[in-house]
Amino acid sequence: MANDLFNSFMTGPDERGRFGDFGGRFVSETLMPLILELEEQYEHAKTDDSFWAEMHDLWTHYVGRPSPLYLAERLTDHLGGAKVYMKRDELNHTGAHKINNVLGQIILARRMGKTRIIAETGAGQHGVATATVCAKFGLKCIVYMGAHDVERQAPNVFRMKLLGAEVVPVTSGRGTLKDAMNDALRDWVTNVRDTFYCIGTVAGPHPYPAMVRDFQSIIGKEVREQMTAAEGRLPDTLIAAIGGGSNAMGLFYPFLDDKDVGIIGVEAGGKGVNAKMEHCASLTGGRPGVLHGNRTYLLQDDDGQILEGFSISAGLDYPGIGPEHAWLHDVGRAQYVAITDKEALEAFQLCCELEGIIPALEPSHALAHVMKIAPELPKDHILCMNMCGRGDKDIFTVAKALGFEMGEFA
Amino acid sequence: MTRIDDKFADLARQGRKAFVSYIMAGDPDFETSLAVVKGLPAAGVDIIELGLPFTDPMADGPTIQLAGQRALEGGMTLQKTLDLARAFREGDQTTPIVLMGYYNPIYSRGVDSFLVAAKDAGIDGLIVVDLPPEEDAELCLPAQAAGLNFIRLATPTTDDKRLPQVVQNTSGFVYYVSITGITGAAEAEAGDVRPEVARIKAASGLPVIVGFGVNTPEKSRAIAAVADGVVVGSAIVSKIAAGDSVGDVLAFVKSLSDGAHSA
């Protein structure tokens with residue numbers, strides 16, 4: 001037993017917020033007391049039954065959990081190998097997994113007496129989820145979004161506005177998720193008394209990576225139960241897309257100590273993981289560094305300057321990755337691969353045609369890897385991919401990439 | 001004793017307050033910023049803060065962000081920043097240089113290699129914004145061991161419970177960030193700053209220099225009067241951004257240092 005505990009992959013982070021050498025608390029002194037207070041409050045909430053009762057009530061009645069576990073039969077037949085299951089987190093309220101975490105953080109913010117919520121967003125899914133929950137609880141909501149993303153994710157910008165949030169376009173840097181996160185941190189350092197920073201992924205200073213993982217772990221916990229009910233056993237392989245890595249961490253975490261369950265994270269390969277750095281594959285093409293409060297793998301130049309990533313998917317367009325993924329990569333518990341824009345687009349189309357599901361571009365990356373490996377696997381091999389978001393927000397981007405003029409259909 | 005310790009001992013003997021100026025290394029280019037740095041001691045600057053450019057300066061306002069971008073676009077690097085310090089040091093053996101920036105370029109270079117190179121270039125102290133005391137093992141302790149001062153930021157959110165930890169491994173001086181916010185944003189009020197300086201001096205036994213929100217000779221004097229010195233950054237960087245000549249930038253710096261020194 002002692003030996004089993006020693007070998008557990010589920011004990012991190014340590015008291016300094018580290019997963020091995022990754023993670024930590026690399027923030028300015030102004031923010032340090034705030035994240036210590038957050039850690040204390042979260043540690044308390046974590047073991048408080050009334051906190052989780054509130055979460056489960058909202059997950060059930062507001063989000064629509066549990067999300068289904070769906071056997072994709074036509075896709076399975078088409079690929080001719082492993083059995084493909086999809087965890088349908090795209091059916092959540094607001095259309096993605098992001099709300100699982102937002103609910104937890106907003107309940108915590110309310111307990112801490114914070115009245116002003118700030119968030120960063122890339123594709124806009126986390127921004128929409130935050131704006132949604134803030135509307136529900138009557139909280140002021142400010143969302144920082146890169147100016148470039150404001151442009152390519154216009155429907156989500158309008159959604160946030162309808163929900164009463166203020167959307168601040170960020171023009172510093174190249175105007176993507178990284179820059180939005182910088183400006184959210186600048187807001188937080190200025191408005192320390194009344195403001196809660198609701199981070200959308202498993203990155204940032206401790207305790208965010210652990211806290212967001214814990215809130216998203218509902219995904220993996222449900223899969224364990226649902227797969228056991230459907231197949232009488234656990235899946236053989238889990239597959240999820242990774243930008244910062246919150247949907248993946250949520251699926252993977254409850255299985256980390258199940259040695260027979262293979263784990264694959266799929267990064268955005270953009271135009272290809274090459275010397276030109278036209279991708280967002282931090283683990284495949286980056287090296288360790290410190291940004292946004294944590295040490296992790298980053299896209300950076302020889303001088304330690306952060307590079308802008310490139311991906312067709314705004315949600316994966318981030319030069320870092322959650323520190324727990326960096327650690328799982330280094331210790332070899334999970335495998336990380338990259339999928340290009342082109343491969344993701346093919347998977348997107350195939351999923352629409354075979355399953356009647358329009359996936360977001362983010363999980364299309366995970367699906368593309370499923371398409372790569374499923375044909376070579378035996379028919380009794382069970383793959384489970386996380387369909388972490390729906391593709392409504394992406395139809396304009398996809399239309400453009402496929403050469404369709406949207407006006408043609410009008 | 002570092003050049004910083006010597007400088008404060010000297011100022012104390014003279015009964016003078018310290019005037020500290022910040023400019024971004026390589027803004028808008030290497031030669032211009034070197035010319036500005038070389039002129040700073042004659043413009044009354046007691047300690048030079050040299051900004052190390054970084055793509056993602058999370059604690060800085062637009063003025064310093066843009067200065068960093070200009071420097072990086074001009075090809076500035078950590079090594080060239082050290083080269084700039086060395087070029088200054090060849091002509092000035094006494095004015096302390098504090099390198100101020102973010103951790104990743106240093107981490108990327110490798111802490112040990114960086115410390116040897118920084119010491120060799122004539123750098124005297126480091127201010128690294130994203131290294132709180134919780135991460136002292138990363139750079140603070142190795143820097144002190146290498147004979148460099150590691151200067152900590154204290155802020156309005158640093159309460160009495162936390163203050164001893166914040167000043168524990170600090171040396172040289174303590175930089176009090178007078179506002180919650182980013183550089184170049186709000187203005188600090190001398191009345192709010194005075195008790196904070198006393199609190200930090202008592203806890204650290206070190207000189208306390210106040211920065212953030214100081215942008216005129218009058219403000220420079222008012223803040224210096226309630227502290228051991230004052231830092232001006234964004235206001236000077238704005239002049240460089242506006243394309244002012246090296247002479248005009250230095251004349252502005254002189255007006256700020258006169259303010260501080262008349263306190």
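Brief remarks on what is shown
- Taken residue by residue and averaged, Cβ atoms of other chains lying within 10 Å of the Cβ of A:61-74 number 0.
- Mean shadow area of the protein assembly as shown over all directions, Cα convex hull, nm²: 30.2 nm²
- Span from the the stretch A:72-131 Cα centroid across to the the stretch A:232-259 one, whole angstrom: 15 Å
- Residues B:141, B:78, sorted so that the one with the fewest Cβ neighbours within 10 Å comes first: B:141, B:78
- Relative to the current alpha-carbon distance between residue A:302 and residue A:161, full extension at 0.36 nm per residue lengthens the span by 46.7 nm.
- Count Lys and Arg as plus one, Asp and Glu as minus one, and take only other residues whose Cβ is under 12 Å from that of residue A:113; the net charge is then +3.
- Alpha-carbon geometry of the stretch A:64-153: the Rg and the Dmax are 17.0, 54 Å, given in that order.
- Cα centroid separation, the stretch B:44-62 to the stretch A:337-410 (Å): 45 Å
- Using only alpha-carbon positions in the stretch A:298-359, the gyration tensor eigenvalues give semi-axes of 28, 17, 9 Å once each is multiplied by 5 and square-rooted (largest first).
- Its Cα gyration tensor gives the stretch A:277-410 an equivalent ellipsoid, and the semi-axes of that ellipsoid, as √(5λ) in whole Å with the largest first, are 29, 21, 11.
- Listed residues A:352, A:384, A:141, most fluctuating in chain A (Gaussian network, C-alpha, under 10 Å): A:352
- With the helix formula -39500 (n - 2.57) applied to DSSP H stretches of n ≥ 4, chain A reaches a computed 222 nm mean residue ellipticity of -12500 deg cm²/dmol.
- In order along the stretch A:388-404, the Karplus-derived 3J(HN,Hα) couplings, from 6.51 cos²θ - 1.76 cosθ + 1.60 at θ = phi - 60°, round to 7, x, 9, x, 3, 5, 9, 4, 5, 4, 5, 4, 4, 5, 8, x, 8 Hz, and Gly and Pro are given as x.
- Relative contact order computed over chain B (Cα-Cα under 8 Å; 6+ residues apart), in percent: 23 percent
- Near residue A:270, the amide H atoms lying under 5 Å from its own belong to A:280, A:312, A:341; only residues 5 or more places off or on other chains count, and H is placed 1.01 Å from N.
- Trypsin sites (Lys or Arg not before Pro) within the stretch B:160-263: DSSP coil, no more than 14 neighbouring Cβ in 10 Å: B:161
- When both bridge partners sit in the protein assembly as shown, DSSP labels roughly 20% of those beta bridges antiparallel.
- Formal net charge of residues neighbouring residue B:194 (Cβ-Cβ distance under 13 Å; K, R +1; D, E -1): -2
- Computed from Cα atoms alone, the Kirkwood hydrodynamic radius reported for the stretch A:204-257 is 11.6 Å.
- Set of lysines with alpha-carbon distance to residue A:83 below 29 Å, sequence-local pairs under 8 removed: A:98, A:221, A:259, A:342, A:372, A:379, A:393
- If you wrap the stretch B:73-202 in the convex hull of its Cα atoms and look at it from every side, the mean projected area works out to 9.2 nm².
- For residue A:338, the residues whose modelled amide H falls within less than 5 Å of its own, excluding neighbours fewer than 5 places apart on the same chain, are A:267.
- For the stretch A:259-306, Kirkwood radius (reciprocal of mean inverse C-alpha pair distance, Å): 11.9 Å
- Peptide A:108-116 has a mean of 0 when you count, residue by residue, the C-beta atoms of other protein chains within 10 Å of its C-beta.
- Diffusion constant of the stretch A:366-410 at 4 °C, which comes from Stokes-Einstein with the Kirkwood Cα-pair radius and 1.567 mPa s, µm²/s: 98 µm²/s
- Each residue in A:331, B:167, A:370 was given a count of other beta-carbon atoms within 10 angstrom of its own, and listing them fewest first yields A:331, B:167, A:370.
- Between the listed residues A:188, A:164, A:176, the Cα displaced farthest toward the positive end of the dipole of the stretch A:162-206, a dipole computed from Cβ unit charges relative to the Cα centre, is found at A:176.
- A Gaussian network model of chain A, with springs between Cα atoms under 10 Å, assigns the largest mean-square fluctuation among A:90, A:120, A:73 to A:73.
- Sorted by Cβ neighbour density within 10 Å, fewest at the top, the residues A:361, A:367, B:11: B:11, A:361, A:367
- Within 10 Å of the Cβ of each residue in A:183-190, the mean number of Cβ atoms contributed by other protein chains is 5.
- Whole-Hz couplings from phi, Karplus 6.51/-1.76/1.60, listed for the stretch B:156-163; x for Gly and Pro: x, 8, 7, 7, 4, 5, 8, 3
- Per-residue 3J(HN,Hα) values for the stretch B:81-94, derived from phi via the Karplus relation 6.51 cos²θ - 1.76 cosθ + 1.60 with θ = phi - 60°, read 5, 5, 4, 5, 4, 5, 4, 5, 4, 4, x, 8, 9, 10 Hz in sequence order (x marks Gly and Pro).
- Over the C-alpha trace of chain B, radius of gyration and Dmax come out as 16.6, 47 angstrom.
- The local environment of residue B:28, defined by Cβ-Cβ distances under 15 Å, has a net charge of -3 under the rule Lys, Arg +1 and Asp, Glu -1.
- Build a GNM of chain A with springs between Cα atoms under 10 Å apart, and of A:173, A:293, A:309 the one that fluctuates most is A:173.
- Assigned charges on the beta-carbon of Lys, Arg, Asp, Glu; the protein assembly as shown dipole about Cα centre (debye): 860 debye
- Close amide H contacts of residue A:195 (hydrogens built in the peptide plane, cut-off under 5 Å, sequence separation of 5 or more or a different chain): none are found.
No lab work stands behind these numbers, since they all come straight from the coordinates. This is a predicted model, so every value here is computed, not measured. When we count neighbours, we look across all protein chains shown, and the Cβ atoms used for this are built from the backbone with ideal geometry, even at glycine.
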